[in-house]
Ligand SMILES: NC(=O)c1ccc[n+]([C@@H]2O[C@H](COP(=O)([O-])OP(=O)(O)OC[C@H]3O[C@@H](n4cnc5c(N)ncnc54)[C@H](O)[C@@H]3O)[C@@H](O)[C@H]2O)c1
């Protein structure tokens with residue numbers, strides 16, 4: 001019988017609640033402590049779930065804890081993941097994995113040198129929708145993928161987030177904030193990316209904060225592109241356009257991802273979530289709906305059954321990988337390649353050129369029913 005891994009969280013903010021709520025679905029994972037720069041935040045979250053509140057230093061020195069999840073803000077991801085690995089513990093980070101490819105490479109090298117597992121969100125592509133789409137593509141349902149589109153469009157963050165300034169500075173923007181879901185989903189479906197090119201602009205020089213809070217009615221400056229059109233050319237030959245914008249009030253692109261194959265078309269649900277209804281066509285026939293809720297981790301279980309949310313699945317898979325000496329599916333290598341694509345998109349736009357990525361990755365292994373049964377089995 002596999003062991004139960006004792007896990008610490010660093011970062012007791014918004015998303016930490018989901019990790020703590022969902023961990024019991026995976027009996028091989030046990031979150032035992034929470035730390036944060038703010039002792040108050042750590043205490044509040046730890047108290048809510050009956051786990052220990054520690055300082056970051058105490059958590060990293062705790063010999064009972066073999067794995068740490070990094071739920072800090074993007075600007076701290078590299079520094080905190082580096083500290084976790086340096087303390088001899090497996091590390092799993094929220095997205096984005098790091099803010100520069102150099103930092104991402106250093107993390108992968110450190111984990112390899114220490115024989116530790118390193119992983120990163122998103123793990124949504126391990127959900128029912130992502131894995132059903134993967135199986136259908138691998139089974140040749142739409143033939144060879146020639147092209148595709150991805151649309152990530154909205155009017156931004158300043159109407160719901162009380163402190164939205166960081167979203168509009170380098171390290172934020174729609175590519176680094178939401179791109180990880182889309183790019184990881186496509187690497188799962190199509191494999192690694194060879195080149196990218198893009199154009200980018202700022203729709204507005206500043207943004208008026210309308211969310212409730214101390215900044216309401218004030219403006220925050222925009223220091224990073226908020227509308228980006230990119231072309232991703234995959235090693236497989238597929239070419240996919242990505243339109244990402246926080247300058248769009250309304251749009252008609254109801255399908256976040258469309259893939260056009262030699263034998264048909266596939267409409268893939270929003271990779272921000274684990275489930276959803278997938279549609280595909282055989283050549284130009286009517287769309288056939290595929291309910292992915294019966295696939296592992298596809299059933300709606302969140303927000304009154306509106307969405308499927310199995311955050312912690314990537315962590316459970318990473319620890320199963322540690323137990324069985326294999327590569328995790330949401331590995332540092334996949335995250336590094338996705339980061340390379342995102343940073344290169346922004347660089348390509350700034351430099352008006354085509355960039356060949358300096359990293360590559362294997363496609364993560366498909367997640368089978370037997371894998372799902374193992375990850376959810378009682379210990
Ligand atoms: N909130 C969401 O719905 C959501 C969803 C998916 C992914 N994420 C990702 O999760 C991460 C965290 O997001 P959030 O919404 O929870 O942010 P948040 O701002 O609510 O919380 C971040 C916490 O990290 C702490 N922190 C920052 N730097 C630290 C450091 N060096 N050491 C220890 N603690 C530190 C802060 O004090 C804060 O409590 C981000 O990378 C975000 O992109 C968030």
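Values for this structure:
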| item | result |
| --- | --- |
| Mean Cβ neighbour count within 10 Å, used as a protection proxy, ranking 266-274, 209-217, 48-56, 76-84 highest first | 266-274, 76-84, 48-56, 209-217 |
| Rg over Rh [alpha-carbon atoms, Kirkwood Rh] for region 243-321 | 1.05 |
| Inter-site label distance for residue 210 and residue 63 at 7 Å from Cα along Cβ, in nm | 5.7 nm |
| Angstrom value of the Kirkwood radius, inverse mean 1/r, which spans all Cα pairs in region 97-160 | 15.9 Å |
| Cα-based convex hull, region 236-288, per residue volume (Å³, whole number) | 115 Å³ |
| Using distinct alpha-carbon pairs, which all enter the 1/r mean, Kirkwood radius of the chain in Å | 21.2 Å |
| Cα convex hull volume per residue for region 275-363 (Å³) | 191 Å³ |
| Region 195-277 - convex hull of the alpha-carbon atoms, volume per residue in Å³ | 155 Å³ |
| Over region 1-141: Rg over Rh, Cα atoms, Kirkwood Rh | 1.01 |
| Distance (nanometres) between label positions extended 7 Å along Cα→Cβ at residue 263 and residue 30 | 4.8 nm |
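Coordinate-derived values only; no laboratory data. Remember, predicted model here, so these are calculated numbers, not experimental data. Don't worry about glycine lacking a Cβ; one is built from the backbone with ideal geometry, like all the others, and counts go over all protein chains shown.
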